[in-house]
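**Q** Take a look at this one; I'll ask things after.
Read-outs: derived from the displayed coordinates by stated rules, not from any lab. What you see is a predicted model, and the numbers here were worked out from it, not measured in a lab. Reconstructed Cβ throughout: ideal geometry from the backbone, glycine too, with neighbour counts over all protein chains shown.
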Amino acid sequence: MTDLPTVSITGIGACTPWGEGAAATGLAGLLPEDLDTAALRPDPGGTAGDDDRGTRYRDRASDLALRAAGPALRDAGLAGLLLDDRDEEFAEAVATVVSTGYGALENVCAAVDTIDRHSSAALSPMTAHAMSSHVVGSWVTIRYGLRGPCLTLCDGPPSGIDALHWARNLIVMRRARAALVIGVEPDTAPVARLLGDAAPRFDGAAALILEPRDAALARGARPYADLGGYARRPDPAEAAAAALDTPADLWLPPEAPTRSPAPTTTPEAAFGAGGGEAARSVDLAVRLGRSAGALGVLQCAVAGLLIDGGAARSALACCGGAADEGAADGGAAALALLAPPGPVPGRAHAIATTEGREPPP
């Protein structure tokens, strides 16, 4: 039997509400060493790029996703193949996988309000397609001409980790040569009404490029991290233990259930009876607020940066909750990330901010 290829993260991009310093340091605003809570300035009122041509029918989630996708493609060195000296054969083989819980909510609520006030005859045919959960992925594939498989996952808290798993499956099964994975959640008025104003909410997106490691190295790319074990279980601790063969250096825990003060899963519990020394914990949910379907992709982006910088050799990301905690699908997903063999060089990364009004690259 042919050995399955190792799939690596080769590009990272993001669009977050952090300050101007993020432009030079990538996702530094999410890293614990560089975190400055005073610099967190979300912009929930507007739509990124609302002064740009072509954005009239584009919702905020799609704008955020586009602003994350461009930096990720450039960071992986794929922008030339897709935009400059376009390689149609390669574009046909790039998959798009999106994870979002509330991406289409803004569009659906706008349509319902229009029907309520003016009847269905007032709906524009240009906005009808935007009520699909798949609208974010559609905008991304159109903008960058990606013609491989296009999937959208809306399966609750584990969605971001699941998106990476399914993107890897597409590559391993040779349905795609590379995959663009995006986790996005908009902080809009409909989302605020649904979730309530008490809990802080993330407003942004993260994007990752996945490729077979050998193919990436052959074209001169340098992987951030390799994707390791994945597991789906009813409980976060069970999922985390099943995804790891040995304890990891870095632990990225799931969001706490809304009625609980903190995640119940500790590094020791997550790694099962094998135990070992407690891992360093980076709880992005505390720093970001509720990020739903974007969390898993954000976790893996931060883990990739820390592994790339030498701060860890392995990481474990986990999303979701136990079935009795009311998770959307009654389960949790976990994914291990491992440092590629050999030295891992540090580098700078591009990032967009929600405060800008420049068109997506």
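**Q** Net charge near residue 149: determine it from the other residues with C-beta under 11 Å of the C-beta of residue 149, scoring Lys and Arg +1 and Asp and Glu -1. Please report the intermediate quantities before stating the final value.
**A** Values: positive: 147, 175; negative: 92.
Local charge sum for residue 149: +1.
**Q** Once phi is turned into ³J(HN,Hα) by the Karplus curve 6.51 cos²θ - 1.76 cosθ + 1.60 with θ = phi - 60°, what whole-Hz value does each residue of region 206-216 show in order, with x for glycine and proline?
**A** 10, 9, 10, 9, 10, 8, x, 4, 4, 5, 5
**Q** Determine the shape class of region 157-246: with a ≥ b ≥ c the square roots of the Cα gyration tensor eigenvalues, call it rounded for a/c under 1.5, and otherwise prolate if a/b is greater than b/c, oblate otherwise.
**A** On the way: a/c = 2.63, a/b = 1.54, b/c = 1.71.
Judged from the Cα gyration tensor, region 157-246 comes out oblate (a/c at least 1.5, b/c at or above a/b).
**Q** Here is a further query. Sort 231-241, 91-101 by packing, meaning the average of other beta carbons within 10 Å per residue, with the highest value first.
**A** Working: 231-241: 21.8, 91-101: 25.8.
Highest-to-lowest ranking by the protection proxy: 91-101, 231-241.
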